[in-house]
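Every read-out reported here was derived from the displayed coordinates using simple, explicitly stated rules and does not represent laboratory data. All figures in this text were calculated on a predicted structure; none of them were measured in a lab. When we count neighbours, we look across all protein chains shown, and the Cβ atoms used for this are built from the backbone with ideal geometry, even at glycine.
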Amino acid sequence: MAQAVIMLLFGGAVIKATVTDVFLRYVKEGLRPFLLLAGILLVAAALMTMWYDLRAARRGTPEPDGDHGHGHDDGHGHGHHEPRVGWLLLLPVLGLLLISPPALGSFAAGQTGSVGLSAASDYPPLPEGDPVEVTLLDYASRAIFDGGRSLTGRNVKLTGFITPGPDGKPMLARIVLACCAADGRPIKIGLTGVPIDTPPDSWVEVVGVYSNQVGTDPVNQAQVAYFEIRSWQEIDQPKQPYD
C-alpha cells in the first residue's frame, strides 16, 4: 500500500507539472503527450494496486507465503518490515509537487561553452516584417557562417536572458535543448550599441541590426556572434524558456 501511495503521488506530480507547463523547465514541449500518458499510467497502476490490496484485506486473503498476514518473526518477537530508507522516494515527489525551480539561466550559461553552430548550405531570406523575430541560434549561424548577408539591412528582434560575459559586459543568451535540461547548452550573443542596464537572468527583448564583430567563448573557444542594439525592453520569462 505504501508503494502504491508513492506511485500515486509521483504520477499526480507528473500530471500536475504537465498541465501547468512546469514541465517546460525540464524537457522540450514536444514531450508533453508522453509525460501526460506516463503520469496517467502511474496513477492508474497505483489505484489498481490499492484496489487489489483493499479487496484482499476485506476477503481475508492469506499472504502468498502462508503466514496469513501476521508477518514473519525473527525469533525475537520482531516482524520484518520494508527498510525505512524507502520513504526517501517521497523526496523527489514532494519536490515536484511543492517546489517550482527556475529554468536554467545565467549561471549555467557562464559555466558551459556555447553550443556548436552548424553551417547550412543555403540561408533563405528572412521573413517579411520589421523588425523580424529571429532565434538566437539562427541569428548566430547567419552572422558567422553567412557573413551576415541575409541579415544586412534588416531590423532584427532577439529574445533571451542577460548573462555576464568574460569581460563582465552583458551578453544575450538562451539555453538550447536536444531533449531535456540535462543536455542543455547555451547560445550566447555579444552585445554592442545601446547599453543594457539590468541584472543577470533578466529576460529582455532587443531590437537592432547585424554586427560584423565576432568573439570567442573562453569556456570552449567557440565563435560568438555580436548584435548591435538600437532599443531594448525588459520582459517576463517566456512560457517556453528554451530554444
Gain in length, ILE40 to ALA56, computed as 0.36 nm per residue apart minus the alpha-carbon separation, to one decimal in nm? 3.3 nm
Rg over Rh, two decimals, region 122-243 (C-alpha only, Kirkwood Rh): 0.93
Short version: what are the Cα gyration tensor semi-axes of region 124-192, square root of 5 times each eigenvalue, largest first, in whole Å? 22, 16, 11
Efficiency by 1/(1 + (r/R0)^6): what FRET value for ASP146 and LYS16, r their Cβ-Cβ distance, R0 = 30 Å, to the nearest 0.05? 0.10
Quick check: residue separation of ASP122 and LEU98 times 0.36 nm, minus the Cα distance between them. What number comes out in nm? 3.9 nm
Taking amide H atoms as placed 1.01 Å from N in the peptide plane, list the residues 5 or more away in sequence, or in a different chain, whose amide H sits under 5 Å from that of SER211. TYR226, GLU228
